[in-house]
């Protein structure tokens, strides 16, 4: 079974190699890797790994954290490998069929930012409504959006009162970005975490801005 494991590790030569060695010693196969963020001597890396049959995910945490200075932020099931260049393919796909572009974007953006789901929201007469939703998006209705209108991409507190209780119960991390104007926003959720990093929020905002231009034109 494949898992996505997010690591915090010292940003120094050999640190990632030591993690790979520790994982390899317990039979874990690394399928793909992406550097999420680097700052203040710390690197945040996402690894997709294949766990041997019969082994529990806890072995990933134990092996990775056996390396000095390494912390595991989250481990969750994952299908396939990381699509680190999926943005370009998505832009091309939407440009070829802009009539379905917003739905395509909503469906595909969770894979790019490694979220569980995405919803495009609008507001009419002060009430939020769904414009589009990804296949795995929860059906819970959001009754209010105290952060609306949204001028820049940002993380949102998953424990705030406006967040539906099923989302809070799952420990859902949230981020949102404007989608071309302050009349629409894209909301993405990660049930169970990990938290959205600044680099990921910037990536989401940049991609949403490109898609909004394509759809407007």
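With respect to (1) under 18 Å from residue 200 (Cα atoms); (2) in a loop (DSSP other than H, G, I, E, B), the lone exception for residue 8 is condition (2).
Residues that are buried (at least 22 other Cβ atoms within 10 Å of the Cβ) and assigned to a strand (DSSP E or B) were ranked within segment 177-217; the one that is farthest from the chain's Cα centre (by Cα) is 185. When you look at residue 174, is it under 30 Å from residue 35 (Cα atoms) and not in a helix (DSSP H, G or I), yes or no? In short, yes.
Summed over segment 139-156, the residues that are under 21 Å from residue 208 (Cα atoms) and either surrounded by 11 or more Cβ atoms within 10 Å (Cβ to Cβ) or under 19 Å from the mean Cα position of the chain (by Cα) (or both) give a count of 10.
Just wondering, is there one or more residues in segment 66-80 that are in a helix (DSSP H, G or I) and under 30 Å from residue 132 (Cβ atoms)?
no
Within the set 149, 128, the sole residue that is assigned to a strand (DSSP E or B) and modelled with pLDDT under 95 turns out to be 128. Just for segment 108-134: of the residues that are closer than 22 Å to residue 193 by Cβ and out of contact with any strand residue (DSSP E or B) (no Cβ under 8 Å at 6 or more places or on another chain), which one is surrounded by the most Cβ atoms within 10 Å (Cβ to Cβ)? Top of the filtered list is 112.
If you go through segment 18-34 and pick out every residue that is touching a helix residue (DSSP H, G or I) at 6+ places or on another chain (Cβ under 9 Å) and outside any helix (DSSP H, G or I), you end up with 6. For segment 105-125, taking the residues that are outside any helix (DSSP H, G or I) and free of Cβ contacts under 8 Å to residues at least 60 places away in the same chain, the one that is farthest from residue 81 (Cα to Cα) is identified as 125. Among the residues of segment 1-22, those that are in contact (Cβ under 8 Å) with a residue 40 or more places away in the chain and more than 14 Å from residue 75 (Cα to Cα) comprise 9, 10, 15, 18, 19, 22.
The values are calculated or read from the model by the stated rules, or taken from the named source; none is laboratory data. Everything numeric in this text was worked out from a predicted model, so none of it was measured. When we count neighbours, we look across all protein chains shown, and the Cβ atoms used for this are built from the backbone with ideal geometry, even at glycine.
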